[in-house]
Amino acid sequence: MKPLIIFDLDHTLIHSTYINNKLTVNIRPYFVNLFFYLNENNYDIAFWSLGEEIYVNDVILCLKQKINFNPKFIISKVNGKSQFIDILSKIVFDIDCINSIFIKKISTLRKFIPIDTNKIILVDDLFTNIYYNEKCNSYHIKEWHNTMLWDDELNRFEKLLIVLRTYSNY
């Protein structure tokens, strides 16, 4: 199985706003470089967002305008419910909730989607998602806003993957 990188969307890869009811998506610096590297080096990619399905679909379309990719899955929150849905397969599952906080737990995900948990990295800006995955298989990235033009976090993550690939199966 190929290594799988699961990306959060908001404040990890993008920053979005609505202006006059129109979605504006700003993409984090080094996004294209990172995705080019992932494609060239045979990584699977996926997305897992707390955003609702319509919003997540719109964001993915914006990202695909920059570089072509075929995600293994795209998980979003079901509109108005405490459930996630894989937009591609239409599999629905309950959201883990701890102290009224929605959590992205890889252990829950593997019950519904065939994945090798030894070759997964969840990239997320919310530390709660890192913490409740016992800091395993996760990478905490700094929260990003569109005014942070100097940001190089995705470039740093790519360099980490290069080192991991050199010394392991990533």
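The values are calculated or read from the model by the stated rules, or taken from the named source; none is laboratory data. Predicted model only: the values in this text are computed from it and were never measured. Positions of Cβ are backbone-derived with ideal geometry, glycine not excepted, and every protein chain shown enters the neighbour counts. Please note that ligands, DNA and RNA were not included when accessible areas were found on the heavy atoms of the full protein model with its side chains. Shrake-Rupley method; radii C 1.70, N 1.55, O 1.52, S 1.80 Å.
Within a straight-line Cα-Cα reach of under 20 Å, Lys159 can be paired with the following lysines, leaving aside sequence neighbours fewer than 8 residues apart in one chain: Lys2, Lys119, Lys135, Lys142. For Thr108, Thr166, the ranking by accessible surface with the largest value first comes to Thr166, Thr108, using a 1.4 Å probe.
Surface listing: Ser100, Ser138, Ser168, Ser76 arranged by accessible area from highest to lowest gives Ser100, Ser168, Ser138, Ser76, probe 1.4 Å. Computed on protein heavy atoms with a 1.4 Å probe, the accessible areas place Lys64, Lys111 in the order Lys111, Lys64, largest first.
Using a 10 angstrom cutoff on alpha carbons, build the Gaussian network for the chain and name the most mobile of Asn129, Asn70, Asn99. The residue that fluctuates most here is Asn99.
Think of the range 40-170 as having a plus end and a minus end, set by charges on the Cβ of Lys, Arg, Asp and Glu; of His140, Thr128, Ala46, Ala46 sits farthest toward the positive end of this dipole. For the chain, averaging the sequence separation of C-alpha pairs within contact (under 8 Å, six or more residues apart) and dividing by the residue count gives a relative contact order of 27 percent. If both residues of a DSSP beta bridge must be in the chain, then about 50% of such bridges are antiparallel. The range 136-154 to the range 1-71: how many Å between their Cα centroids? With the range 136-154 and the range 1-71 each reduced to a Cα centre, they are spaced 13 Å.
Across the range 69-158, C-alpha contacts under 8 Å between residues 6 or more apart give a mean separation that, scaled by the residue count, equals a relative contact order of 15 percent.
Per-residue surface analysis assigns Val25 an accessible area of about 30 Å², computed on protein heavy atoms at 1.4 Å probe radius. Bridging of Lys105 to aspartates and glutamates at a Cα separation below 17 Å is possible for Asp8, Asp86, Asp94, Asp96, Asp116, Asp124, Asp125, Glu134, once same-chain residues fewer than 8 apart are set aside.
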